[in-house]
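Have a look at the structure below before the remarks.
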Amino acid sequence: MTGKELFKKAVFYEILQGLGLTFKHMLFGKTMTEQYPREKPSLPDGWRGAIVQLRYDDGSEKCVGCALCEAACPSHCITVESAEREDMPQKRYSKRYTLDMTRCVFCGFCVQACPVTALASSKEYELATTDKRELIMEMDDLLKLGDKYFPIREKRPQYTEDRFNFFKQNKASGFPVAHVPVVNVPIAKKGAA
Ligand code: SF4
Ligand code: SF4
């Protein structure tokens, strides 16, 4: 062993070298650590956080209770109970919509499956809680999150308005009934040629 190597061992040269680098970055370098939770990280646009429900511009919920999201969810964390709207026959809605966020893997399959774009991935990531029951979210919770992250709402489609107006106009006077003419078809007798 040479004298230089012996000296390096005696003064713990590698440790001093490492500490020198640390102090150099500490005193003169750019700080890379994010001071969370005081500083919030900036998330990319494609971030898939908590799933939320969206509304149309008139405040009505977009969900039509078709349960395609339930079928698409690989974690089986969505439960949809749908019913027909009393004020608009043939139009359905989610009577009860539950999303168990404790089982969600944020894959976004439900968002892709929804035919009316009623679901979206938000940038909500602060889901820590001491009570897991708070993470079993109902429609109102999901709509509130949707209002928070998607304040600009899509205009309600005109065809929905037309159907709604048609129903309102005809509700009092009675709906038109289709009169199908009754045609008497002669029944062929047995043995007839
Ligand atoms: S993001 Fe994936 S796991 Fe979560 S509710 Fe949607 S389909 Fe299910
Ligand atoms: S969120 Fe979309 S896919 Fe799910 S039940 Fe409602 S309309 Fe259907």
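Would you pick out the residues in the stretch 76-101 that are within 12 Å of ligand 1 (Cβ to nearest atom) and touching a Cys at 6+ places or on another chain (Cβ under 8 Å)?
Cys77, Ile78, Val80, Tyr97, Leu99, Asp100, Met101, listed by residue number.
Cβ-Cβ under 8 Å, sequence separation 6+ or interchain: first residue in the stretch 100-120 and in contact (Cβ under 8 Å) with a residue 60 or more places away in the chain, partner more than 11 Å from ligand 2 (Cβ to nearest atom) and in a loop (DSSP other than H, G, I, E, B). Which pairs?
Gly108/Arg48; Ala120/Phe150
Every read-out reported here was derived from the displayed coordinates using simple, explicitly stated rules and does not represent laboratory data. Every value quoted in this text rests on a predicted model; they were computed, and no experiment measured them. Note: ideal-geometry Cβ built from the backbone for every residue, glycine included; neighbour counts use all protein chains shown.
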